[in-house]
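Read through the structure below, which is laid out as structure tokens, and then see the notes.
The values are calculated or read from the model by the stated rules, or taken from the named source; none is laboratory data. Values in this document were obtained by computation on a predicted structure and should not be read as measured data. Every residue, glycine as well, gets a Cβ built from its backbone with ideal geometry; the counts of neighbours run over all protein chains shown.
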Amino acid sequence: MLELLLHCRPGFEGEAATEIQTLAAERGINGYVVTRDGAAVVRFVCPAAGDAERLMGAIDFRELIFARQWALGSWLDVSTEDRISPIITACASGPIASRLWLETADTNDGKALAALIRKLERPLESALLKTRFVRPKQVDAPRLHVFLESGQRIFVGWSWPDNAAAWPMGIPRLKFPREAPSRSTLKLEEAWHHFIPREEWDSRLAPGMTAVDLGAAPGGWTWQLVNRHMKVTAVDNGPMARSLMDSGQVEHVQADGYLFKPARPVQWMVCDIVDKPARSSALLARWLTRGWCREAIINFKLPMKQRYREVMQCLAHVQDALDAANIRASIACKQLYTDREEVTCHVRVLHAGSYKVQ
Ligand SMILES: C[S@@+](CC[C@H](N)C(=O)[O-])C[C@H]1O[C@@H](n2cnc3c(N)ncnc32)[C@H](O)[C@@H]1O
């Protein structure tokens, strides 16, 4: 029987489970969740034949906030003597893939399987190439996910490149830029990779654009904007890194980010202030409805309880404010790999009906 396997941040299995259950119910597809706290994966099992495929086809992966990656497939129990033959047999009943992704859960148990993954990778890949279940030239074909829960229990599944994350386990391999003043810099870079197609970076993250960074100090996010040659207003009572100030592209405003109003509209507003999610979403709605920015990236820091509900309320609040102002925008939200107890929200204004800058 086919099912969906979803990767998430360890500790957020409950949110990932509620989310997939909610979306399946909305689409009238029956299924149940199998997971445990800290597993970093959630199974969604659909008892009726064809339902798991239907569900995957009916959900836009970008709708999923708490799932980093997903695949459609089934489980194998394998012996330690020969893991490859059963995987090859399972591939015979699936689509041709463009590549193999060997995966584990993002947990200590998963990391402990690294040596086995290394041992398996070459021989499995060559068996898949020989049998032609993997054909690297078919670049648009699905990816084959071979997920090791343990040395004996393996999930074999597929994801489609236009409806899944672009990285194994949904984890992009980003290199920390040595000149950036804080590790948070990777959060904004990952958000861009996630929310903005690569071919649009040159027009949407273009040199000369203006940006406001709320809660900017010491400047990891500002560094990313400066690196794209934007002019940045960095709002924070805390100190900004000297190197950034020396770039000549940054104006540091020591003020409360919630009260700050830009002198003129900017392309980008980004915000990494640690506060209640309701306050952050109200701030986001204000910036968008007053026409102060065209695109925004903001973190919603999540409380310990009711995290799924809280995110939904924040997004509904932003959507309601946009609707009331007659502004059409795309809203997306994701728990990125670099997000801890938080999610990242991206909004892009597409059309502002009675767009007035206030
Ligand atoms: C998580 S840090 C931001 C890190 C930053 N994005 C980076 O990459 O270096 C949060 C920042 O928000 C600032 N902050 C907190 N409340 C604020 C407020 N009301 N207005 C402006 N900044 C605020 C803090 O001073 C702190 O520097």
Please determine whether any residue of the stretch 133-146 is among the hydrophobic types (A, V, I, L, M, F, W, C), surrounded by 15 or more Cβ atoms within 10 Å (Cβ to Cβ) and more than 24 Å from the chain's Cα centre (by Cα). yes
Residues being touching a residue at least 40 places away in the same chain (Cβ under 8 Å) and either within 11 Å of the ligand (Cβ to nearest atom) or not assigned by TED's automatic domain parsing to the domain that holds THR210 (or both) - total across the stretch 264-278: 5
Single unsatisfied condition, VAL45 versus (1) free of Cβ contacts under 8 Å to residues at least 40 places away in the same chain; (2) in contact with an Asp or Glu (Cβ under 6 Å, 6 or more places away or on another chain); (3) among the β-branched types (Val, Ile, Thr): (1)
Would you pick out the residues in the stretch 315-338 that are surrounded by 14 or more Cβ atoms within 10 Å (Cβ to Cβ) and either aliphatic (A, V, I, L, M) or at positive phi (or both)? LEU315, VAL318, ALA321, LEU322, ALA325, ILE327, ALA329, ILE331, ALA332, LEU336
Selected residue [buried (at least 19 other Cβ atoms within 10 Å of the Cβ), at pLDDT 95 or above and not polar (S, T, N, Q)] from LEU76, LEU128: LEU128
Only one of ARG198, ARG183, ARG173 that is touching a residue at least 24 places away in the same chain (Cβ under 8 Å), of a type outside the set (Gly, Ala, Ser) and exposed (fewer than 12 other Cβ atoms within 10 Å of the Cβ): ARG183
Report the residue count in the stretch 99-115 for those that are in contact with a strand residue (DSSP E or B) (Cβ under 7 Å, 6 or more places away or on another chain) and either small (Gly, Ala, Ser) or part of a helix (DSSP H, G or I) (or both). 1
Those residues of the stretch 224-262 which are among the hydrophobic types (A, V, I, L, M, F, W, C) and farther than 16 Å from ILE273 by Cα amount to LEU225, VAL226, MET230, VAL232, ALA241, LEU244, MET245, VAL250
Which of the following residues is surrounded by fewer than 17 Cβ atoms within 10 Å (Cβ to Cβ) and closer than 19 Å to PRO181 by Cα: VAL235, VAL250, VAL274, VAL226? VAL274
Residues to consider are ASP82, ASP106, ASP140; find the one that is touching a residue at least 24 places away in the same chain (Cβ under 8 Å) and more than 21 Å from HIS7 (Cβ to Cβ). ASP140
Kindly establish whether ALA296 is in contact with a Pro (Cβ under 7 Å, 6 or more places away or on another chain), closer than 23 Å to GLU342 by Cβ and in contact (Cβ under 8 Å) with a residue 12 or more places away in the chain. no
